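Worksheet: one structure, shown below.
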Amino acid sequence: MNADELPTLRDELQAHGLWANKGLGQHFLLDLNITRRIAKTAGDLTGSRVIEVGPGPGGLTRALLEAGAHVVAIEKDARFIPLLEPLIEWSAGRLRIVQGDALEADEEALLQEQWSEGGRAAIISNLPYNVGTPLLVKWLKAGPWRGDMILMFQKEVAQRIVAKPGSDAYGRLAVLAQARCTARLEFTVGPRAFTPPPKIASAIVRLTDRADPYPHLDALERVTAAAFGQRRKMLRSALRSLTPEAEALLAAAELRPTARAEEIDQAGFRRLAEAWRARS
Ligand code: SAM
């Protein structure tokens, strides 16, 4: 099965009179070499389950199906459904298209409807910029149905996800993502690879579940919001938005009250979240 035998994406868009809707973060990858490269990053996809958010005209969907995956694709923009439907027959039924908002989607229920027995699904997507971060946070909190994530973000967001303590990019997103996953920036893609081109570069991040995930992401969200909300301040001041007893909280977490949020590593934030949980 070779996606080159399909009509080109550009021809398909033209034939259906479709154009990008910027409000929905639509920047399309029409070059199969790039979508194949993204699919390849996931490893051998033969027979595997994949959730794709925002298939749009279907460039990445084609590459995923060509690589042998079974795909549940969630697209908000109904205009693209007629363009995606021929891929169902082409893939001998390995594609299910769901029209709706991925932020509201119950992925676990969709997977159960599709395949009655369990099994994890990878999430592989070129994400809409405007909802990339909330989708990632939603998936970080997901249950055991979720497997690895291969996701395209704006490069600057990708750098924030993989950032290490001490760097400017290090913040809430790095702490939350790395509480559940190891995160690696795989490669960057320049604006000209997209139609229409966005203003800035994009990058693919691979997120793989870590062996010792931190379970209480809500607590971590609270403490990181306070700590990085005023990132230039010492923690004893920054954490006052969380509790008037910031110094006691820091002592319980064995953190220096004069430290700043960007100095605190994953283990430190875990202790802080645990100290917060014990007090609230
Ligand atoms: N995967 C396609 C590609 O690589 O060419 C399109 C990627 S484009 C960056 C993002 C896609 O996400 C668009 O098709 C857009 O309509 C869709 N989208 C935007 N917001 C969405 C949402 N909340 N739920 C599902 N799809 C959404």
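The values are calculated or read from the model by the stated rules, or taken from the named source; none is laboratory data. Everything numeric in this text was worked out from a predicted model, so none of it was measured. So basically every Cβ, Gly included, is an ideal-geometry build from the backbone, and we count neighbours across all protein chains shown. Heavy atoms of the whole protein, side chains included, go into the accessibility calculation; ligands, DNA and RNA do not. Shrake-Rupley method; radii C 1.70, N 1.55, O 1.52, S 1.80 Å.
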Seminar exercise, completed: Whole-Hz Karplus couplings 3J(HN,Hα) for the range 14-29, θ = phi - 60° and coefficients 6.51, -1.76, 1.60, Gly and Pro as x, run 5, 4, 8, x, 9, 9, 6, 9, 4, x, 9, x, 8, 9, 9, 9
Exercise. Under a 1.4 angstrom probe, counting protein chains only, how are M1, M234, M149 ranked by accessible area, largest first?
Worked result: M1, M234, M149
Seminar exercise, completed: Between the Cα axis of helix 217-229 and the main Cα principal axis of the chain, the angle (0 to 90°, nearest 10) is 70
Exercise. With +1 on each Lys and Arg Cβ and -1 on each Asp and Glu Cβ, how big is the dipole of the chain about its Cα centre, in debye rounded to the nearest 20?
Worked result: 1300
Problem set entry | Rg to Rh, two decimals, where the range 217-279 supplies the alpha carbon set and Rh follows Kirkwood | 0.89
Exercise. Once phi is turned into ³J(HN,Hα) by the Karplus curve 6.51 cos²θ - 1.76 cosθ + 1.60 with θ = phi - 60°, what whole-Hz value does each residue of the range 186-200 show in order, with x for glycine and proline?
Worked result: 7, 6, 9, 10, x, x, 6, 6, 10, 10, x, x, x, 6, 10
For this session: Over the range 1-96, with every protein chain in place, what whole percent of the accessible area is carbon and sulfur at 1.4 Å, could you tell me?
Result: 51
Seminar exercise, completed: Sorted by chain and then number, the residues having a modelled amide H within less than 5 Å of the amide H of A69, at least 5 places away or on another chain, are G47
Exercise. How would K138, K199, K233, K22 line up by accessible area, probe 1.4 Å, largest first?
Worked result: K199, K22, K233, K138
Seminar exercise, completed: For the chain, dividing by residue count, accessible area per residue (probe 1.4 Å) in Å² works out to 45
Exercise. Taking the Cα centre of each part, how many Å lie between the range 230-280 and the range 109-181?
Worked result: 25
Exercise. Under a point spin-label approximation (7 Å from Cα along Cα-to-Cβ), what is the R79-E108 distance to one decimal in nm?
Worked result: 3.6
Exercise. Residue by residue through the range 69-78, which ³J(HN,Hα) values in whole Hz follow from phi under the Karplus form 6.51 cos²θ - 1.76 cosθ + 1.60 (θ = phi - 60°), with glycine and proline marked x?
Worked result: 7, 9, 10, 9, 10, 10, 10, 7, 8, 4
Problem set entry | Under 26 Å from K141, Cα to Cα: lysines that are on another chain or at least 8 residues apart | K40, K76, K155, K164
Seminar exercise, completed: Restricting to Cα pairs under 8 Å and 6 or more apart, the percent relative contact order of the range 200-280 works out to 31
